[in-house]
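Taken together, the values in this text are just the output of simple stated rules run on the coordinates, not laboratory data. All figures in this text were calculated on a predicted structure; none of them were measured in a lab. Note that we place each Cβ from the backbone using ideal geometry, even for glycine, and neighbour counts take in every protein chain shown.
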Amino acid sequence: MRGASKTILAGLVIAVLVVAVGAWLILGRAPEGAQITPTQVTPTQATQTPPPRQVILLGSGSTFVHPQLDNWAKEFNRRYPHVRIDYNPTGSGTGQTQFMQKVVDFAGSDPPLPTSRWQQAKADPRGVIQMPVIIGAIVMVYNIPGLEGRLKLDGETIALIYLGEIEYWNDPRIQRLNPDLKLPNQRIIAVHRSDSSGTTHVFTLFLYKASNGKWPKELVEKAIEWPVDKTGRGLGGKGNQGVADLVQRTPYSIGYVEYAYAYLTKMPYALVKNAAGRFVDATPETMMEAARNAFPKLPQSLEDDFNEAWDAIVYAPGENSYPITSFVFLIFYKVYPKEKAEAVKKFIEFINTEGQKPELIVPGYIPIPEEIRRYNLRALELIREG
Amino acid sequence: MDDRFLVDRVFTVIVVVIAIIAILPIFHIIAYITWRGLPIVIDNGLSFFTDVPAAVVAEKPGGIAPALAGTAFMTITATLIAVPLATLAAIFSVEYPNHVLTKAVRVTSRSLLEVATILIGMLIFVLLVLPTGRFTALAGSLALAIVMIPYVYTYAELALISVPKTYIEAAYALGMKRAQVIFYVTVRVARRGLARGIAIAVTKAMGETAPLLFTAFGARSVIFGGPFEPADALPLMVFQFIQTGYDNWRALAWGGAFTLLVLYLLLFIIARILVKEVRY
């Protein structure tokens, strides 16, 4: 008995060790062994063109850009097999922090670096380069059973709903915008994000800019205390998916989600009044139009502060601009170690040329207009080895 | 006389009903995850366990191989670190119950149990990831090991204390040395309790997301990049993919959750089979 269990125990420990080491050898080392240790390459092989060294680019940040960035990473890897790109959806704030801590190679972020952080990053020897790579838009999804026709809203009414001041769907202030609709005499449930999010930041910035002073500047943040919650008519959902789910499940509710989620769930969303006073639908064209109108506000250099440009695309001017549009940024260093510099340049080039073609854009995402792609490609001259 | 039997019956029924209500959520979780996850695993077959996740636009969701490999690597290495440390600490505190170190170990272990596991992740991040400038699978292993230690320790201590004193006295009476008594009698008699502690700690480690966010970080472009590269883990993948709206990734998340569930059940069954009950 004693001997038997001893053998079993010893056997178990050995088995575990063998499995662990074996798994590592088979799964990890074998396929790339030759590339990881170039010293093992024999002279005869070295005279032929040696395989480029394996490069791994690690990214972190915006949850929203994750599916699109993952698609780019996979397509890029197909063209350049020696470069692997891993991106983790940690949230824009965490992505920025990890970029500042230099534990990642690039970050994705819905808002650009805040001015204070940008100054700090620019002063660093590794430098900083930001660029808008994809357009994001927020749509107002709603769930009004029996409603026929599309709802129309403006910044002021949306602000009043989320402030808790408009209580019923048939409130004259909403009815006035929708003379053709028969709005129900039901309380409005306003759904918002419960987690800290770039989407909330863009949404509240829009409310501040478009509500004729109804929405206070203090409430422009990634996470806020929603006034509507105090009336008991507010609901929080985690992530875009959480908000979309809640709106779908809650009759007479309204919520804000990224366009991609409304596109996937096929929920109805409102036409929103833009800065030119027109009600516009969220379509690829109207979002691109907003980006085009914000283009003149982009800074001189990719090394500059992007906050003004980001501010400009939200509630952008232009007859056909969709008002709640924003950029999603990728944040790179200016100086990379040798192989990484080359890989980063290739990736930036790929994103701004082939990557913007419809076949590589994930359904629900909106490519950036031509002039911004050219603008982004200036990064190729800035990035260097060091 | 009938009254007594009636009261007894009613009481039994009430207890059984309450017990069922208490465990109902567990069955609900198991049933729901199986219902959502099993069809996905069956649909994709073996490739579900051998492929990397596909893009959201791909026709098929791909597989969870990076998460499986990462979880396997990190759980095994964390166990190899945590079990010897915690078990030896437990033996020490049972053998020297009044030693200053014992008291210190007990207090730390108890407070470690209370610490949110994300803080353990942050600790490793500050101590290891920041100075080296990279997320690694090994950092994940270390974080998981710290998560495991108080569990292994607590269960081991309980198991060792419950070994009948008469056995130990008998062993000493036979002229065994202290080390012999500990390893041939105490540990041997308590092995079932020790194994249970290890099994619980391993399942705890396998299911942890928070300590891995800032250590192993997650990487899914290859199955396993090695101990010095970032690595994926099952709960991490489930956590990140279930929040997206894309069917491919949600499928991977459900299938991954189901796989994790099966791993849990397997682990407990194996622990039960390997370590037989000790009969006094």
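Just a few scattered comments:
- Note on chain A: with a GNM built from Cα contacts shorter than 10 Å, the maximum mean-square fluctuation among A:LEU264, A:LEU219, A:LEU151 falls on A:LEU264.
- Between the range B:41-81 and the range A:192-206, the alpha-carbon center distance in angstrom: 33
- Relative contact order (%) - chain B, alpha-carbon pairs under 8 angstrom, separation at least six: 27
- Other protein chain C-beta atoms within 10 Å of residue C-beta, averaged over A:80-93: 3.
- Taking a straight line from the alpha carbon of A:LYS122, these lysines sit under 18 Å away, with near neighbours fewer than eight places off in the same chain left out: A:LYS102, A:LYS334.
- Extension gain from B:TYR264 to B:HIS99, taking 0.36 nm per residue of separation minus the Cα-Cα distance: 55.7 nm
- Shielding by partners, peptide B:237-248 (average Cβ within 10 angstrom, other chains): 5
- Between A:ARG173 and A:LYS217, the simple label model (points 7 Å from Cα in the Cβ direction) yields a spacing of 2.2 nm.
- Debye, to nearest 20: dipole size of the protein assembly as shown, +1 on Lys, Arg Cβ, -1 on Asp, Glu Cβ: 2020
- GNM result for chain A, Cα springs below 10 Å: residue of A:GLN119, A:GLN356, A:GLN130 fluctuating most strongly: A:GLN119
- Between the range B:182-250 and the range B:127-145, the alpha-carbon center distance in angstrom: 14
- Chain A: antiparallel DSSP beta bridges as a percent of all, rounded to 5: 55
- Reach of A:LYS217 by Cα under 15 Å, taken over aspartates and glutamates that are not fewer than 8 positions away in the same chain: A:GLU156, A:GLU225, A:ASP311
- The convex hull drawn around the Cα atoms of the range B:65-276, when projected onto a plane and averaged over every direction, covers 13.2 nm².
- DSSP-defined antiparallel bridges as percent of all bridges, the protein assembly as shown, nearest 5: 55
- Relative contact order, percent, chain A [alpha-carbon distance under 8 Å, six or more residues apart]: 21
- Counted over the range A:165-250 with a bin width of 5 Å, the fraction of Cα pairs per bin, in whole percents, is 3, 14, 18, 23, 22, 15, 5, 0.
- Choice from A:ARG193, A:ARG84, A:ARG249 with maximal GNM fluctuation in chain A (Cα, 10 Å cutoff): A:ARG249
- For the pair B:TYR32 and B:THR166 in one chain, pulling the backbone fully straight at 0.36 nm per residue adds 43.4 nm over the alpha carbon distance.
- For the range A:193-337, radius of gyration divided by Kirkwood radius, i.e. Rg to Rh on alpha-carbons: 0.99
- Over the protein assembly as shown - Rg/Rh using Cα atoms and the Kirkwood inverse-distance radius: 1.04
- Mean-position separation - Cα centroids, the range A:233-303 and the range A:342-386, in angstrom: 24
- Student exercise, the range B:65-276 dipole from Lys, Arg, Asp, Glu Cβ charges, in Debye to nearest 20: 680
- The local environment of A:GLY318, defined by Cβ-Cβ distances under 10 Å, has a net charge of 0 under the rule Lys, Arg +1 and Asp, Glu -1.
- Calculated SAXS-style log₁₀ I(q)/I(0) at q = 0.09 Å⁻¹ - chain A, Debye, Cα scatterers: -0.60
- Given their separation in residues at 0.36 nm each and the Cα-Cα distance between them, B:VAL17 and B:PHE228 gain 70.8 nm when the chain is fully extended.
- Listed residue pairs exceeding 31 Å between alpha carbons, taken from A:LYS338/B:LYS60; A:LYS230/A:LYS273; B:LYS103/B:LYS204: A:LYS338/B:LYS60
- Efficiency of FRET from Cβ geometry, B:PHE49 and A:LYS122, R₀ 35 Å, rounded to 0.05: 0.15
- For A:THR286, net neighbour charge (Lys/Arg +1, Asp/Glu -1) across residues whose Cβ lies under 12 Å away: -2
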